[in-house]
Structures are given as structure tokens and as C-alpha cells.
Amino acid sequence: MPRRGWRSIPATRRKKRAATAAPSARCNHYCACLNRQATGSIDRISPMLCAHERIVLPIADRLAERLYKQGSAIFIQKQYNDFYPLASLAEDRMG
């Protein structure tokens, strides 16, 4: 059975992948379906995805900082409460 994951990718491709990866662990590079659809390969990251996320993540960070400083209750609840998805689901089912 072939190995899977990062170590199964040849070293030369790992270096190339690391050099072009987005600057954040928040990058959506790990979705094999998205990679396959965009590049034809499950282990190759689309340059468009990287460009998009390099633009969008700093904007989202600035907005999040503003909402946090304003004390936005819904933002804080949604981003910092680990039980928010469960509570939201229960609220949707009851409402």
C-alpha cells in the first residue's frame, strides 16, 4: 500500500510546495478535492488559491480586530466559544 501524506511526496516537490505555500496555517491548501479541481493534482496548490488567501486573510484579520475591540458579542461568541456550533444548531432546531 502506498504511503500517504506529506512524507509520501518526493523531497523536490515538498520543497517546491513549501516555497509556494501561503504564509499561514489557515491556508486551505490541504483540501485534496480543491487541489485536484484547480490543478489536476491532489498534492499541488493552485497559485490562484494562494494569491486569493494572501489578499483575503489580512483583510479578515483587520476586520476581526475591529470587531473584537468593539466587543461585538456575536463575533466573540462565534469565534471564541467552542460550543457555538452546537448551541447554534440547537437554537436553529428550536426556533
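Of all residues in the stretch 34-55, those being loosely packed, with under 11 Cβ neighbours inside 10 Å and either β-branched (Val, Ile, Thr) or in contact with a Lys or Arg (Cβ under 6 Å, 6 or more places away or on another chain) (or both) number 1. Taking residues in the stretch 54-70 that are within 17 Å of Tyr80 (Cα to Cα), and partners anywhere that are of a type in the set (A, V, I, L, M, F, W, C) and in a helix (DSSP H, G or I), the pairs with Cβ atoms closer than 7 Å and at least 6 places apart or on different chains are Leu67/Phe75; Tyr68/Phe75; Tyr68/Ile76. From the list Cys31, Cys27, exactly one residue is at pLDDT below 90, surrounded by 11 or more Cβ atoms within 10 Å (Cβ to Cβ) and in contact with a helix residue (DSSP H, G or I) (Cβ under 7 Å, 6 or more places away or on another chain). Which is it? Exactly one residue qualifies, and that residue is Cys27. If the condition is being without any contact (Cβ under 8 Å) to a residue 12 or more places away in the chain and assigned to a helix (DSSP H, G or I), then the stretch 41-52 contributes Met48, Ala51, His52. Residue count for the stretch 53-93 under the criterion of being among the small types (Gly, Ala, Ser), modelled with pLDDT of 90 or more and assigned to a helix (DSSP H, G or I): the result is 3.
The values are calculated or read from the model by the stated rules, or taken from the named source; none is laboratory data. Predicted, not measured: the structure shown is a model, and the values here were computed from it. As a convention, Cβ positions derive from the backbone with ideal geometry for all residues, glycine included, and neighbour counts pool all protein chains shown.
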